[in-house]
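Have a look at the structure below before the remarks.
The values are calculated or read from the model by the stated rules, or taken from the named source; none is laboratory data. What you see is a predicted model, and the numbers here were worked out from it, not measured in a lab. With ideal geometry, Cβ positions are generated from the backbone for all residues, glycine too; neighbour counts draw on all protein chains shown. Just the protein is used for accessible areas: all its heavy atoms, side chains included, with ligands, DNA and RNA removed. Shrake-Rupley method; radii C 1.70, N 1.55, O 1.52, S 1.80 Å.
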2 protein chains.
Amino acid sequence: MEMRKPVAVDKAVQRVMKHALNGSVEFLPIHRCFNETLARDIVATHDVPHFDRSPYDGFAIRSRDTIGASRDFPVEFEVIEEIGAGSVATRKVEAKQAVRIMTGAQMPDGADAVIMLELVREIERDGKVFIQIRRRVKEDENVSFKGEDAKQGELLVNKGTKLNPGIKALLATFGYTEVPVAKKPVIGLFATGTELLEVDEALQPGKIRNSNSYMLADQIKRAGGEPRFLGILPDHLEGSYSAISEALKEVDLLITTGGVSVGDYDYMPDIYARLGAEVLFNKVAMRPGSVTTVAAMNGKILFGLSGNPSASYVGFELFVRPIIRKMLLSPRPHLKKVRGVLGENFTKANPFTRFVRSRAYLEGGQLMAVPSGKDKSNIVMSLASANSFAILPGGSRGYQQGDEVDILLLEDDEGSAWPW
Amino acid sequence: MEMRKPVAVDKAVQRVMKHALNGSVEFLPIHRCFNETLARDIVATHDVPHFDRSPYDGFAIRSRDTIGASRDFPVEFEVIEEIGAGSVATRKVEAKQAVRIMTGAQMPDGADAVIMLELVREIERDGKVFIQIRRRVKEDENVSFKGEDAKQGELLVNKGTKLNPGIKALLATFGYTEVPVAKKPVIGLFATGTELLEVDEALQPGKIRNSNSYMLADQIKRAGGEPRFLGILPDHLEGSYSAISEALKEVDLLITTGGVSVGDYDYMPDIYARLGAEVLFNKVAMRPGSVTTVAAMNGKILFGLSGNPSASYVGFELFVRPIIRKMLLSPRPHLKKVRGVLGENFTKANPFTRFVRSRAYLEGGQLMAVPSGKDKSNIVMSLASANSFAILPGGSRGYQQGDEVDILLLEDDEGSAWPW
C-alpha cells in the first residue's frame, strides 16, 4: 500500500497559493450588483457637495448686514426669492436682502451665511415679505462648502473591497452606472462514488444521497464564486477520466469529492497521473481532511477533497476559498483568524492539527467558541451550526474550557492575509 | 410651524413592531436556494447512517472468531467477497470468513466487526484469498451503527434559521428537493425631491444624484427582502399621492426617502393624512434620523425615512429591518447588540441617542468599535466602511476612547430578540 507523507497545513496552503490564478474584470449595471468585489479603485468623480449648499431650512443672507443686530435692535431683510432643493436662485443677494432656502439647496450668489428658519420672525408689509434677525450671523455660518465632504479625484474605496449598501450609495452619487467588479470564477463540482444517490432518489441499501455537492456549491457562493454542478461519477476510471478532462475545458477550477484515499476504488490519483497534473500534496497533517489532494495543470487547479462531508467542508475553506478570493482581487484571501476562548473542553488528543467546527459568539465583548456537535468527521449535523473552526494544534493532550485558541471565522468577508 | 414630540427609540421601535406582518412560505428547489430562511423545522427523514456501516477500509468478520489470535498464533480467514461503497454483500459471513469492505459500505450479514486493512496480512493459496489476523477484535469494533448520528424524526434545524452550507448538506442528505423557505417580502422604494437626478444623468447646478434608493435596495437585500425600484418623485403633492397609493397595491412595505421634515416642500405628512394612514411617530429622539416617520394602513407599513443618506441608513436598520426579519420568521429580528469598547474619542455631546456609524473589529478576542469617518449626517463616505453602530446615549458629555458601549452589528445574521 502506498505510504503518503503528510504535509503541514501552512506548507500545503502555500503550495496551492503558488498556483493562484488572476481574476478578471467585468462591468455590471449598478442595480444588478450585490456583494460583488470591486475590481477597480473608486474615486470621487466630482466634489461633494458639488456646490455650496445650505444644511438647513432658512434664509441665505450677507452676514455683514447683521452687524449690530440684537434682540432689541433687529435688522430687517427683504425676502426676494424662495428656492427649493433642486432649484437655483435667479437673483444675486444684495444688501439687506434674503433668499428663502431649503435644506440641501444651492447658496445664491452674494450670500455667505444661512440663518435657520426658527430664529427669524417673518412679517408682511406692502405685499412684500420681510424677516427680522435678532443676532449677529457670522460669515460662512451654516454653509456646507463645495468639496467639503469629498474632493474630485479622491480615492473612496479600494479595489478588492466587497460591495455593501454604503459603497453602493457612493457609486450612485458619483454616477457609476456600470460597476467594475471581479468576475466570479466558475468552479466545477463532481461528486465521485458508486454509493451516491441524487437528492430526489429514494434510499437504497448501502447508498446515501450526494450532499457534498450542495454543501460545496453554497460554500463556493459564500466565497464569491459560481458553482457548476457536474453530477455524480461512479467509481469507474475510464468514465471519470473523460468526464473530468472534458469538464476542465469549461471551468476555472475543479472540485471533486471522494476517490482520493488509497482504497481500491479511489481513482483520483490515477486520473491526476493520466492528466499529467502536478500533485501538490496528497496528505495534509490535519483533521478532518487529511486525504485532501490538490493538483495543478495548465493554469487550472484540481481540488480532490475527501468524500466525507466534514473533511470536504474544511478542505474547501482552507484550500479553495483563498484561490477564489484571490481571483476576486482580495488582498486578504484566507479565512479571518482571530483569538478567542474555548467554551467547552475538547479532550480528544490528536497528533495532527484539528479544525474543530465551532459556534463562535461574543459574550461581554469577548469572543468564545464552542464545538458545534460531536466532532466525528462523518457527522454532517455539526456543520449546520458551525460559523468557525477552532484550531487545536496537534499534540498529546486535549484542550480545556477557558484555553485561548485561534479561531477561523467562516462568515466573515474581510479575511486574513496569511493566518498560519 | 408644527412642533413634533420626539419619541424614544425603543418606544418607536415598539410602535412599529405592533404592526409587524406575517411572513408566508414558498418552496424553492434545493439547488436554487441560498441564504434564504427556513420556514419549517427540518427533521431527519431517516436514520443516519441508515444501515450499519464500516468507517474504514478493511475486512468485516465475526469478532468471536478472533478469540485467541495473537502475533504468534494468527487466525486465518477466507475472503469470500469484496464490496465497494454502494454495493451490498450477497453472502452471509460465516465462521472464519471475511468480506473485504470499503469506507462507508454496508456491513454484511453475520459480521459484527471490522479490522482495518493495514492490520492484516493477505495471502493467496489454491486460488483463494486469506487474511491473517494477529489480535483479538472486539464485538462492534469499527462499526458505525444505524441511527448513530441522527434518528428518523429528530429535529435538526429550527424554522427561522438562515440557510448555510452545512444546512444545505442536511437538506440534501434527507432528500429535501424542495426547501420550505420564507417568501421574501417585496419592498417598494421611492426617492422624493425635485433636486434628485438619476444615476445616469449629468450633474446640474443645485441637484444631486439619487443614492438613497440604491443604498436601501442593498440594505433590503442584506436583510433578506426584495427591493422594487419605483423611481423619483418630484416635490409635487398630487403626483406623489397618486404614485404612492398605486404602489401600495403592489408591495408589502413601502419606503420613501425625503419629504418628512416640516419644510414647505415636505409633502409626506399630507400624503399620510390623505391616505388615512395612522402615523405611529414623526420624530424620534435619535441622531441621525430624528425626522423618521412611520405610518400604517390596511396591513401595510409606510416608512418615511429622511432624505439624508446617513439618516435613512440608520432609520432602515432600526425600523424596517426587524419588520422584514419578522416576515422571514426570525425569532431575533433586530440588529444584534453586543458590548464593545470605543476605539476613539467621540466628544460631540447630544441630547438625543446617537447611532454612530462604526467599524467594529476583534482585537485579541475583544470587540472594538471606531467611528467610520466624520459623523456629520450628510457625509455618505462614512457609510462605506461601517459594519456597526455604536450606541451613544444622549447626555451632556461626550465619550472617551476605552469607554464600554453597546454596539449594533450590521452584517450579522443572527440578530437580537429585543436589543433596547
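Here A:E141 meets the list (1) in a strand (DSSP E or B); (2) away from every other protein chain (no Cβ under 14 Å); (3) surrounded by fewer than 17 Cβ atoms within 10 Å (Cβ to Cβ) almost entirely, failing just condition (1).
The residues of the range A:327-362 that are open to solvent by 20 Å² or more (accessible area, probe 1.4 Å), of a type in the set (A, V, I, L, M, F, W, C) and within 16 Å of the chain's Cα centre (by Cα) amount to a single one, A:L329. Condition check: touching a helix residue (DSSP H, G or I) at 6+ places or on another chain (Cβ under 9 Å) and buried (at least 21 other Cβ atoms within 10 Å of the Cβ). Does A:A386 satisfy that? Criteria met by A:A386. Against the numbered list (1) surrounded by 19 or more Cβ atoms within 10 Å (Cβ to Cβ); (2) within 12 Å of chain A (Cβ to nearest Cβ); (3) aromatic (F, W, Y), B:F59 comes up short only at (2).
In a residue-by-residue description of the range A:250-271, the property of being in contact with a strand residue (DSSP E or B) (Cβ under 6 Å, 6 or more places away or on another chain) and aromatic (F, W, Y) applies to no position. As a summary of the residue check, A:A85 satisfies the conditions (1) more than 21 Å from B:E195 (Cα to Cα); (2) part of a loop (DSSP other than H, G, I, E, B) except for the one numbered (1).
Within the range B:37-56, being over 20 Å from A:P205 (Cβ atoms) and within 11 Å of chain A (Cβ to nearest Cβ) holds for B:L38, B:I42.
A count restricted to the range B:159-176 and to residues that are closer than 22 Å to B:G23 by Cα and among the β-branched types (V, I, T) stands at 2.
Return yes when B:G258 is open to solvent by less than 30 Å² (accessible area, probe 1.4 Å) and closer than 25 Å to A:A172 by Cα and no when it is not. Here the answer is yes, as B:G258 does meet what is asked. Scoring B:I220 on the criteria (1) more than 10 Å from chain A (Cβ to nearest Cβ); (2) more than 24 Å from A:T45 (Cα to Cα); (3) touching a helix residue (DSSP H, G or I) at 6+ places or on another chain (Cβ under 9 Å) leaves a single failure, condition (1).
Among the residues making up the range B:93-127, those that are in a loop (DSSP other than H, G, I, E, B), more than 49 Å from the chain's Cα centre (by Cα) and closer than 17 Å to B:E139 by Cβ are B:V93, B:E94, B:A95, B:K96. Listed conditions (1) open to solvent by 60 Å² or more (accessible area, probe 1.4 Å); (2) assigned by TED's automatic domain parsing to the domain that holds B:V262 are all met by B:V16, apart from (1).
Counting the residues of the range B:291-300 that are assigned to a loop (DSSP other than H, G, I, E, B) and at pLDDT 95 or above gives 1. Can you tell me which residues in the range A:62-78 are open to solvent by less than 30 Å² (accessible area, probe 1.4 Å) and either within 14 Å of chain B (Cβ to nearest Cβ) or in a loop (DSSP other than H, G, I, E, B) (or both)? Selection gives A:A69 alone.
Please work out if B:K249 is without any contact (Cβ under 8 Å) to a residue 12 or more places away in the chain, open to solvent by 50 Å² or more (accessible area, probe 1.4 Å) and among the basic types (K, R). Judged against the criteria, B:K249 is a match. Among the conditions (1) in the same structural domain as A:Y214 (by TED's automatic domain parsing); (2) touching a residue at least 40 places away in the same chain (Cβ under 8 Å), the only one that A:L383 does not satisfy is (1).
Is there a residue in the range B:103-117 that is within 14 Å of chain A (Cβ to nearest Cβ), touching a strand residue (DSSP E or B) at 6+ places or on another chain (Cβ under 7 Å), surrounded by fewer than 18 Cβ atoms within 10 Å (Cβ to Cβ) and over 25 Å from B:F174 (Cα atoms)? Checked the range B:103-117: at least one residue is within 14 Å of chain A (Cβ to nearest Cβ), touching a strand residue (DSSP E or B) at 6+ places or on another chain (Cβ under 7 Å), surrounded by fewer than 18 Cβ atoms within 10 Å (Cβ to Cβ) and over 25 Å from B:F174 (Cα atoms).
Can you confirm whether the range A:363-379 contains a residue that is touching a helix residue (DSSP H, G or I) at 6+ places or on another chain (Cβ under 8 Å) and under 30 Å from A:D41 (Cβ atoms)? No, every residue in the range A:363-379 fails to be touching a helix residue (DSSP H, G or I) at 6+ places or on another chain (Cβ under 8 Å) and under 30 Å from A:D41 (Cβ atoms). Take the conditions out of contact with any His (no Cβ under 6 Å at 6 or more places or on another chain), more than 11 Å from chain A (Cβ to nearest Cβ), among the basic types (K, R) and within 30 Å of B:R321 (Cβ to Cβ) and apply them to B:R32. Does it pass? For B:R32, the condition - out of contact with any His (no Cβ under 6 Å at 6 or more places or on another chain), more than 11 Å from chain A (Cβ to nearest Cβ), among the basic types (K, R) and within 30 Å of B:R321 (Cβ to Cβ) - is not met. Of all residues in the range A:400-408, none are among the polar types (S, T, N, Q), in a strand (DSSP E or B) and away from chain B (no Cβ under 14 Å). Being at the interface with another protein chain (Cβ under 9 Å from one of its Cβ atoms) and among the aliphatic types (A, V, I, L, M): is that true of B:A349 here? In short, no. Selection of the range B:301-326 for residues being within 10 Å of chain A (Cβ to nearest Cβ), open to solvent by 10 Å² or more (accessible area, probe 1.4 Å) and in a helix (DSSP H, G or I) yields only B:P309. Checking A:G365, A:G373 one by one, the residue that is open to solvent by less than 10 Å² (accessible area, probe 1.4 Å), over 21 Å from the mean Cα position of the chain (by Cα) and within 10 Å of chain B (Cβ to nearest Cβ) is A:G365 and no other.
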